[in-house]
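Colleague: The structure's right below; bear with me while I get my questions together.
The values are calculated or read from the model by the stated rules, or taken from the named source; none is laboratory data. Given the structure is predicted, the values throughout are model-derived calculations rather than measurements. A quick note on method: Cβ atoms are made from the backbone with ideal geometry, for glycine too, and the neighbour counts reach across all protein chains shown.
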Amino acid sequence: MARVRLTTAFWDYDRVRPLMDGTIQPEGIEITPIISRPSETFFRMLRHKEFEVSELSFANYTMLRARGDESFIAIPVFPSRLFRHSCIYVNKKAGIETPEDLIGKKIGVPEYSMTAAVFARGMLLHEYGVKPETIEWFSGTQDGLQRPSRIDFELKNVTLHRMPLERDMGPMLETGELDAIISPNAPKALDRSESPVRRLFEDYRQAEKNYFAKTGIFPIMHTVVLRRDIYEAYPWAATSLYEAFVKAKDWAYSQLIETDALKLTLPWVVAEMEETRRIMGHDFWPYGINRNRVSLEALPQYLYEQNLAAREPAIEELFAPNTLDHQFS
């Protein structure tokens, strides 16, 4: 098989690094690595299709596919996952003690359609009855981090104020101009000893464990996509990349449980690994379709409920057909 060179853009994840540094090489593929923050990667990919392979916002990708846009095709690899109870921050004087108290409040979010916000709103709706339309939404810069719009959409029955980039939601949360923020980035004010800001779920770790035990959902933030022209020219690249990503994840697991000398600067990393496996299973960050079906089906449902997609695409629509076989599930 001739080797094809592919520009490949990812953040510096331990579960992806072996592919980017050449430790693991996909069969038939020579990777040209580009390391960039997800927000930058997504903007460049969604607006300009700059890369041949990249991680991509799972929400934005699903929105495109729901519209019939087939610019990209995904493989069932999920480089970023995170429970989202921890990403809801409130002003201490806003009178928000429970999730239900968010109703009627002013809430900021860097991008309304970002996967973190979609999953957080889905969790708030299904677990606590908090409907997006009962909230006044604001989107824009947070603590100096600007996120230019990367995908266009219109909303029905929801109030969303798209603020100019120079308006910063971080100070707005501190002063109480905003009651809360839902964001993957912790507000800078959270680190101050006398901070006016706290998390809504202060024991978010336990809340997230309870949520997983109840729902089986481990939220998927990002997937991996090939540009459509690349997939059509080299359909075998989808399975080659999938197999390489699985090997890279297994390598990352091995680093976390290394006891000869700790690889990570965290005293109880091995204990944490053992506890996570006890709760979530040996392969707690699975790739493929079958073991992720509950989490995969949640997102299209949430996008539809939140008026970000006109329909719920089937999971099989979203991923390359040659990665749907049982050996990849």
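Colleague: When you go through Tyr112, Tyr89 one by one, which is the residue that is over 14 Å from the mean Cα position of the chain (by Cα), surrounded by 21 or more Cβ atoms within 10 Å (Cβ to Cβ), more than 18 Å from Trp285 (Cβ to Cβ) and aromatic (Phe, Trp, Tyr)?
Modeller: Tyr89
Colleague: Shifting gears a bit: Confirm whether Thr265 is assigned to a loop (DSSP other than H, G, I, E, B), more than 30 Å from Gly95 (Cβ to Cβ), hydroxyl-bearing (Ser, Thr, Tyr) and in the same structural domain as Ala59 (by TED's automatic domain parsing).
Modeller: In short, yes.
Colleague: Hey, can you tell me all the residues within segment 90-104 that are out of contact with any Asp or Glu (no Cβ under 7 Å at 6 or more places or on another chain) and among the hydrophobic types (A, V, I, L, M, F, W, C)?
Modeller: Taking segment 90-104 as the starting set, the residues that turn out to be out of contact with any Asp or Glu (no Cβ under 7 Å at 6 or more places or on another chain) are 92-93, 97-104.
Within segment 90-104, Leu102, Ile103 qualify.
Colleague: For segment 1-67, which fully contained strands (runs of 3 or more DSSP E) count at least 3 residues that are in contact (Cβ under 8 Å) with a residue 12 or more places away in the chain and among the β-branched types (Val, Ile, Thr)?
Modeller: Once the strands (runs of 3 or more DSSP E) in segment 1-67 are filtered for at least 3 residues that are in contact (Cβ under 8 Å) with a residue 12 or more places away in the chain and among the β-branched types (Val, Ile, Thr), what remains is 4-10, 29-35.
Colleague: Among all residue pairs at least 6 apart or on different chains, which show Cβ distances below 7 Å where the first residue, located in segment 301-329, is surrounded by fewer than 17 Cβ atoms within 10 Å (Cβ to Cβ) and at pLDDT 95 or above and the second is part of a helix (DSSP H, G or I) and of a type in the set (Phe, Trp, Tyr)?
Modeller: That search, which allows pairs on different chains as well, returns Arg311/Tyr304.
Colleague: If Ser240 passes every condition in (1) within 19 Å of the chain's Cα centre (by Cα); (2) touching a residue at least 60 places away in the same chain (Cβ under 8 Å) but one, which one does it miss?
Modeller: Result: Ser240 fails condition (1) only.
Colleague: Across segment 305-320, what is the total count of residues that are within 19 Å of Leu56 (Cα to Cα) and either in contact with a helix residue (DSSP H, G or I) (Cβ under 9 Å, 6 or more places away or on another chain) or of a type in the set (Ser, Thr, Tyr) (or both)?
Modeller: Within segment 305-320, the subset within 19 Å of Leu56 (Cα to Cα) is 308-309, 312-320.
Remaining after also requiring either in contact with a helix residue (DSSP H, G or I) (Cβ under 9 Å, 6 or more places away or on another chain) or of a type in the set (Ser, Thr, Tyr) (or both): 308-309, 312-315, 317-320.
Within segment 305-320, residues that are within 19 Å of Leu56 (Cα to Cα) and either in contact with a helix residue (DSSP H, G or I) (Cβ under 9 Å, 6 or more places away or on another chain) or of a type in the set (Ser, Thr, Tyr) (or both) number 10.
Colleague: Could you tell me which of the residues Phe58, Phe51 is under 18 Å from the mean Cα position of the chain (by Cα) and either surrounded by fewer than 23 Cβ atoms within 10 Å (Cβ to Cβ) or modelled with pLDDT of 95 or more (or both)? Before the answer, list the steps.
Modeller: Numbers: Phe51 fails: under 18 Å from the mean Cα position of the chain (by Cα).
Testing whether each residue is under 18 Å from the mean Cα position of the chain (by Cα) and either surrounded by fewer than 23 Cβ atoms within 10 Å (Cβ to Cβ) or modelled with pLDDT of 95 or more (or both) leaves just Phe58.
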